[in-house]
Amino acid sequence: MTDPASDDRSPSLRRASRRALLTGAGAAGIGLASAFSATAAPAPTVGPARPFAPRPSSQSSMIGVPFEPYDEVRVGIIGLGNRGMGMLPLFDAVPGVRITAIADVRRERVREASDRLAAEGSRRPREYSRGPDDYQRLAQADDVDFVYIATPWEEHYPQAAAALRGGKHVGIEPPIATELDELWSLVDISEEEGLHCLLMENCSYGRQELAMLKMAHEGLFGDITGGHGGYLHDLRDLLFSETYYYEQWRRRWHTQHNRAFYPMHGLAPIAAAMDVNRGDRMLTLQASSTPARGLADYRERNVDPDRAEVWDEEYVAGDRVTCMITTEQGRLIRAVHDVSTPRPYSRINTLAGSRGVLEDYPSRIYLEPEHGDHQWQDSQPYLDQHDHWLWQDIGDAAEDHGGHGGMDYVLVYRLMQCMRQGLVPDIDVYDSAAWCAAVPLSEASLDSGGPVEIPDFTRGQWEESRPGLDSERAPLLE
């Protein structure tokens, strides 16, 4: 296969050759409030027990590989539920980006999305709503450069694999895949095709998280020794809603697995601040779990007894799953997932080192030698001083467009900026696989009662220092 870093063919020829490799990866999923039910998912190319494997000669590393520059980025969206519909106007708002294709099994959702775009003066996209496999036609379409996937977790892998085989760069809502063999398979396919496959981790672009990253890299905390991140979000009312999650897909996971379903929001910013895959790597994971009590208790007090299908469910997912992660450099990361108990929202966002600590929710800081008397100090002056250039440049637009305080827009803008200007993405397939590996590995650790090894998806390249979310300032898009 041609090395994408040295491939001098035109973008159209490269895309055509990639399409020729399409293997007909079947299947679909149920969209996030949309649906694609799996039928014949493409077989993963590797097995689950693979902590390290040499890169096959037919594949090339995607580390440091820039996007080919695009005058206009043509976006296809698979899944038009709560998340997909919320991201639709953000893609549409970025200069030089056009939504050309949309897919969902529910025709009314596709029509509604098309109407929304038309109401904003944008061209109507092609519509794919013939059934659960129709996303595959979008994956092979000639008028799509980037596919954004916002469907239920179990559908991310087959849809991402089909889009990559169809010659498209891919961005996926967390997690990019739910099983270890699927994560390895996406790494392999990305390397085979020379196309980027990445996690759309919006919290990595939060204003505080990016400022924390800069503070860490500028040495304010001294030598970083540990961090704590999490996803603590009371979702009980939404999990039992009859309409919010299409066919209530997300609650079903709590009846099937005991694992940390969604630790990336807290884990990813901490890992980035520690230069994971850029001088350090996550080495082992040990999980612990509380009993499963929250959902059953909520059901007892709030769910209509006539909903027989709900009352027949048995919940096996612990209310709180905690992952203790060690790194090659001896650091410790604690990642927590809890969506089943009453509590205020928090991602925790704590980073500690030999000279100080930053904690969030509420935000506060303590640094030496500036501070003393064991008293927390106001972190805002430090956050302002270390504001990331992205928020300096487009913060006003981000707040206007919204999306979790603006970080959704910053994520979309930055990714499209990288594509239009031919830059290396801040987050790559190796980051994405490493962060998402905590999902299946937490269950493996709980099953075994001990630590499990985290694969080195970079195949030894983690030791190389390279930019990530601390990228250099790029020109504004026009």
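The values are calculated or read from the model by the stated rules, or taken from the named source; none is laboratory data. If you're wondering where the values come from, they're calculated on a predicted model, not measured in any experiment. Here Cβ is always computed from backbone atoms with ideal geometry, including for glycine, and neighbour counts include all displayed protein chains. The accessibility values were calculated without ligands, DNA or RNA, using every heavy atom of the protein model including side chains. Shrake-Rupley method; radii C 1.70, N 1.55, O 1.52, S 1.80 Å.
Among the residues of region 233-256, none qualifies, meaning not one is at pLDDT 95 or above, open to solvent by 10 Å² or more (accessible area, probe 1.4 Å) and in contact with a His (Cβ under 7 Å, 6 or more places away or on another chain). Determine whether Arg259 is within 18 Å of the chain's Cα centre (by Cα), of a type in the set (Lys, Arg) and open to solvent by 10 Å² or more (accessible area, probe 1.4 Å). In short, no. For Ile77, the stated conditions do not hold, so it cannot be described as among the aliphatic types (A, V, I, L, M), free of Cβ contacts under 8 Å to residues at least 40 places away in the same chain, within 18 Å of Arg116 (Cβ to Cβ) and outside any loop (DSSP other than H, G, I, E, B). Residue pairs whose Cβ atoms lie under 8 Å apart, sitting 6 or more positions apart in sequence or on different chains, and linking a residue in region 237-249 that is farther than 15 Å from Leu295 by Cα to a partner that is among the hydrophobic types (A, V, I, L, M, F, W, C) and in a helix (DSSP H, G or I), are Tyr244/Leu238; Tyr245/Leu238; Tyr245/Leu239. Applying the condition of being assigned to a strand (DSSP E or B) and open to solvent by 40 Å² or more (accessible area, probe 1.4 Å) to region 270-324 and asking which residue is farthest from Ala434 (Cα to Cα) yields Ser289. Residues in region 325-355 that are over 19 Å from His254 (Cβ atoms), among the small types (Gly, Ala, Ser) and outside any loop (DSSP other than H, G, I, E, B): 3 in all.
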